[in-house]
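Below is one structure, written out as structure tokens, with a few remarks after it.
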Amino acid sequence: QGQLVESGGGLVQAGASLRLACAASGRAIRRYTIGWFRQAPGKEREFVAAITSGGGTISYTDSVKARFTISRDYAKNTVYLQMNSLKPEDTAVYYCAAKRGIYPERTTVYYDYWGQGTQVTVSS
């Protein structure tokens, strides 16, 4: 069975940048639409960004537009989330997820495979 593994989280100050990576093993990630979600303590998991299998369609939640960039590296079988100008409200566990189909869904129920998550903490 393939799996998704997130990396790149950490503790940073407000205004800093981080780049998260979602690497796939045993699965050709290029065939899937990949989404990034996050979950803060006491809150529901929420959509952050998604990129379709061909990379032709990208979607962001409004709160991260102009600050976050999702991209994919087919050769490395990896999807990245570049996060700039981080804010304390970005603090959460970040998960990547994969789904079949070409629509960048914003709801968790549409995603078939999930990673274990990586913690991002932004101090003020």
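Using the eigenvalues of the Cα gyration tensor, what equivalent ellipsoid semi-axes result for the chain when each is taken as the square root of five times the eigenvalue, whole Å, largest first? Could you put the intermediate results ahead of the total?
On the way: eigenvalues 99, 40, 38 Å².
Ellipsoid half-lengths, sorted descending, are 22, 14, 14 Å.
Peptide packing: for 29-39, 109-119, the average count of neighbouring Cβ atoms within 10 Å per residue gives the ranking 29-39, 109-119, highest mean first.
Could you list the square roots of 5 times each eigenvalue of the Cα gyration tensor of the stretch 1-74, that is, the equivalent ellipsoid semi-axes, sorted largest first and rounded to whole Å?
Working: eigenvalues 94, 48, 34 Å².
One finds semi-axes of 22, 15, 13 Å for the stretch 1-74.
With bins 5 Å wide beginning at 0, the percent of Cα pairs of the stretch 62-116 falling in each bin runs 4, 14, 22, 27, 22, 9, 2. Ignoring lysines fewer than eight residues from Lys99 along the same chain, the ones with Cα atoms less than 24 angstrom from its Cα are Lys43, Lys65, Lys76.
Computed from the coordinates by the stated procedures, all read-outs in this text should not be read as laboratory data. Since this is a predicted model, take the numbers as computed values, not measurements. Methodologically, a virtual Cβ is constructed for each residue, glycine included, from the backbone with ideal geometry; neighbour enumeration extends over all protein chains shown.
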